[in-house]
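Chemist: Starting off with a structure, shown below.
The values are calculated or read from the model by the stated rules, or taken from the named source; none is laboratory data. What you see is a predicted model, and the numbers here were worked out from it, not measured in a lab. When we count neighbours, we look across all protein chains shown, and the Cβ atoms used for this are built from the backbone with ideal geometry, even at glycine.
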Amino acid sequence: MMNKKIILASQSPRRKQLLEWAEVNFEVMVSDTDESYPDHLTFSEIAIHIAKNKALKVVEMYKPSDPVLAADTIVVCDEMVIGKPKDREDAIHIIRSLSGKAHQVITGVVMLHKEKEIAFADITEVTFHELNEEQIVFYVDKYKPYDKAGAYAIQEWIGVIGIKSIKGDFYNVMGLPVSKVVQYLNTEF
């Protein structure tokens, strides 16, 4: 649908899939990026800060002529940022801490092209049912969600059986508020 090509500065298979579903013409270019952030940032600013670093690193390394799109997703529960789990035990602990609670999924998006920069954060509130230990362990052992902020993927089994409600963009929880991204790409670049 979109003829212009963009550069996706992400290794995420979910972001790639969402752009494919939206029929966006893109190429993947990635680089290792520091995902640390200053302590004074708000949650939305954290996600944008990390996304911007990803975009800038790709621009610096590859100097692409097409717009660069980068994103970073964080999960916030009880006023704490929950990143990707370190291992199996951490994943079980994270999901246990989300069980029966609402949390925010925040994706920071940065698009760079020449002198133009667009940066925004999209927030979706997700509430889990109470999950029992058997469900949590089953999910972690079968789906191995070690590369996912919050230790889960909404489009997998845990999302189907465990999510009580969602307020906001479903695809944001997958890692990219793709409809907003496409709107910006069509109007700004």
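Chemist: Read through the list (1) touching a residue at least 60 places away in the same chain (Cβ under 8 Å); (2) surrounded by fewer than 23 Cβ atoms within 10 Å (Cβ to Cβ), then give the number of the only condition that THR127 fails.
Modeler: (1)
Chemist: Any idea which of ILE118, ILE94, ILE48 is in contact with a strand residue (DSSP E or B) (Cβ under 8 Å, 6 or more places away or on another chain) and part of a strand (DSSP E or B)?
Modeler: Exactly one of ILE118, ILE94, ILE48 is in contact with a strand residue (DSSP E or B) (Cβ under 8 Å, 6 or more places away or on another chain) and part of a strand (DSSP E or B), namely ILE118.
Chemist: For ASN25, all conditions in the list (1) without any contact (Cβ under 8 Å) to a residue 24 or more places away in the chain; (2) of a type in the set (S, T, N, Q); (3) part of a loop (DSSP other than H, G, I, E, B); (4) farther than 27 Å from GLN104 by Cβ hold save one; what is the number of the exception?
Modeler: (3) is the only condition that ASN25 fails.
Chemist: Related question: Can you spot a residue in the range 82-103 that is within 30 Å of SER65 (Cα to Cα), under 17 Å from the mean Cα position of the chain (by Cα) and in contact (Cβ under 8 Å) with a residue 60 or more places away in the chain?
Modeler: Checked the range 82-103: no residue is within 30 Å of SER65 (Cα to Cα), under 17 Å from the mean Cα position of the chain (by Cα) and in contact (Cβ under 8 Å) with a residue 60 or more places away in the chain.
Chemist: Here's another thing I want to ask about it. Please determine whether any residue of the range 150-169 is assigned to a helix (DSSP H, G or I) and aromatic (Phe, Trp, Tyr).
Modeler: yes
Each row is one residue, and each column tells you yes or no for (1) modelled with pLDDT under 95; (2) crowded, with 20+ Cβ neighbours inside 10 Å; (3) of a type in the set (S, T, N, Q); (4) more than 17 Å from PHE189 (Cα to Cα).
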{"residue": "ASN3", "(1), (2), (3), (4)": "yes, no, yes, no"}
{"residue": "ILE6", "(1), (2), (3), (4)": "no, yes, no, no"}
{"residue": "TYR37", "(1), (2), (3), (4)": "yes, no, no, yes"}
{"residue": "SER44", "(1), (2), (3), (4)": "no, no, yes, yes"}
{"residue": "ILE50", "(1), (2), (3), (4)": "no, yes, no, yes"}
{"residue": "LYS57", "(1), (2), (3), (4)": "no, no, no, yes"}
{"residue": "GLY83", "(1), (2), (3), (4)": "yes, no, no, yes"}
